[in-house]
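The values are calculated or read from the model by the stated rules, or taken from the named source; none is laboratory data. Quick caveat, the model's predicted, so the values are computed rather than measured. With ideal geometry, Cβ positions are generated from the backbone for all residues, glycine too; neighbour counts draw on all protein chains shown. These accessible areas exclude ligands, DNA and RNA; they are computed on the full protein's heavy atoms, side chains included. Shrake-Rupley method; radii C 1.70, N 1.55, O 1.52, S 1.80 Å.
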Amino acid sequence: MQQQRSRKILILVLFLALIVGGIWYGGSQLFTSSSGKLKTVTIGYQAADEVDVSRLRGQLVKKMKKQGYKVVFKEFQNGSPEMQALASGKIDYARVGDTPPVSALASGTKLTYIAEGGTKASGSGVLVKKGSGINSISDLKGKTIAYTVGTSSQYMVLKTLKLAGLKTSDVKLENMDSAAAAVTFAKGKVDAWAIWDPYVAKAELTESAKLLVNGKENKAVNRSFIVSLSSYSKKNTKVSKLLIKYMEEDMKWANKNTPALTKKMSKELKMSKSVIKKMLNRRTFKISAMNSEAIKEEQDISNQFYAYKWIKTKVVIKNHIANLK
């Protein structure tokens, strides 16, 4: 009898232990699920830019994950559709050239400059074919130039023409996206093309093209920027700081490891290593918080575009800089 009672008590104890254990396990799983859930951060980029470098290296995703964030990348052909995606909330950050943020702000998009990158002055400008008879900027008079509205190429055209005292009315401007312009230029259906690397490097090495003028000469240096909607920027200062910190580490890696980066980009972009190497050898990668020089460059774009009536609002750039203190 005593033995039977002991057995019942043992069974009851085991049953209670199972219940308590189940409650504890479920609670711990619930806690892990809620506290361990990663917040998604979506970043827009373009081929071979700073974000693409971080994506290819793979460290940004790992480091951000440890901080509680899941990084998702979305590729765009140029800055115009990228700004549209940012405005509609499809991406949280956009890595773009110098012109798209100015155009977006002028059109009413409330965005904030988070960081600045390096310039692509030596690999950006106006391309022409060798043997075309176009040997100086003044030779562009009456010629057709391909470019893309709302991108850095728009500013390149303007600064190039001003060097020779030409007006936009002195040339024929053909607005088309980068992919279409590449084909049109290769077929000789336009006389010149305002564009950036890696398109420039590819055209120089495979299509007998040359830079009639580059960003160092026309002062359209084509600096990179990382921007976000102002509403997102205000609520996500920590994310912005982390992106700057980790991407800066990636840029230092990129500058010191050109052979490794060349191999990665060549495979990813399906371009020859010679094209990638030419592009990388004439550029220095960087990411940092905004400084006065970059702000001045952007203000000049705003001033020029407003003067030419390409934008209806003269944007004051200093009013749109993230406070990351």
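Treating each Cα of the range 168-229 as one equal point scatterer and applying the Debye formula with no solvent, the log10 of I(q)/I(0) at q = 0.14, 0.15, 0.25 Å⁻¹ comes out as -0.49, -0.55, -1.23.
Rg and Dmax of the chain, based on Cα coordinates, read 26.3, 113 Å. Enclosing the Cα atoms of the range 139-181 in their convex hull gives a volume equal to 62 cubic angstrom per residue.
Database remark: amide H of Thr42 closer than 5 angstrom to the amide H of Val72, Asp92, Tyr93 (H placed geometrically; neighbours at sequence offset of 5 or more, or on other chains; Pro and chain starts carry no H).
The mean accessible area for residues of the chain, using a 1.4 Å probe and ignoring ligands and nucleic acids, is 51 Å² per residue.
Within the straight-line cut-off of under 22 Å between alpha carbons, the lysines reachable from Lys141 are Lys129, Lys130, Lys159, Lys162, Lys167, Lys172, Lys187, Lys189, Lys210, Lys216, Lys219, Lys309, sequence neighbours fewer than 8 places apart in one chain being disregarded. Enumerate the helices in the chain for which the Kyte-Doolittle hydropathy averages -0.5 or more and the C-alpha atoms extend at least 15 Å along the helix's axis, using complete DSSP H runs. Length and hydropathy pass: 2-35, 152-163. Of the trypsin sites (Lys or Arg not before Pro) found in the range 158-203, the ones in coil according to DSSP and having at most 16 other Cβ atoms within 10 Å of their Cβ are Lys167, Lys187, Lys189. Kirkwood radius and radius of gyration were both taken over the C-alpha atoms of the range 148-300, and their ratio Rg/Rh is 0.99.
Based on DSSP H segments of at least four residues, each scored -39500 (n - 2.57), the chain has a per-residue ellipticity at 222 nm of -15500 deg cm²/dmol.
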